[in-house]
Amino acid sequence: MHQSRKEQGIERSSRKLLNPDRREAQLFAQLEEDIEAASEFTGGESSPRRAPLGGRGF
């Protein structure tokens with residue numbers, strides 16, 4: 001079966017829109033891995049945690 005021109009246009013548009021989202025998701029996944037690796041390399045968290053507002057840090 002053939003697709004109509006409208007269906008083909010919608011499919012092309014959706015592919016163009018999904019590619020940047022996939023790229024962004026891959027970049028965030030890679031950055032997350034890098035942050036975890038840096039945390040392991042430094043022996044803990046990369047930044048100290050603060051106590052919540054109005055609370056005590058335990």
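Matching residues to (1) at pLDDT 85 or above; (2) outside any helix (DSSP H, G or I):
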{"residue": "Q3", "(1), (2)": "no, yes"}
{"residue": "K6", "(1), (2)": "yes, no"}
{"residue": "S13", "(1), (2)": "yes, no"}
{"residue": "P20", "(1), (2)": "no, no"}
{"residue": "Q26", "(1), (2)": "yes, no"}
{"residue": "Q30", "(1), (2)": "yes, no"}
{"residue": "I35", "(1), (2)": "yes, no"}
{"residue": "P48", "(1), (2)": "no, yes"}
{"residue": "P52", "(1), (2)": "no, yes"}
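Confirm whether R56 is modelled with pLDDT under 75 and at negative phi. Against the criterion (modelled with pLDDT under 75 and at negative phi), R56 qualifies.
The values are calculated or read from the model by the stated rules, or taken from the named source; none is laboratory data. Please read these numbers as outputs of a predicted model, since none were measured by experiment.
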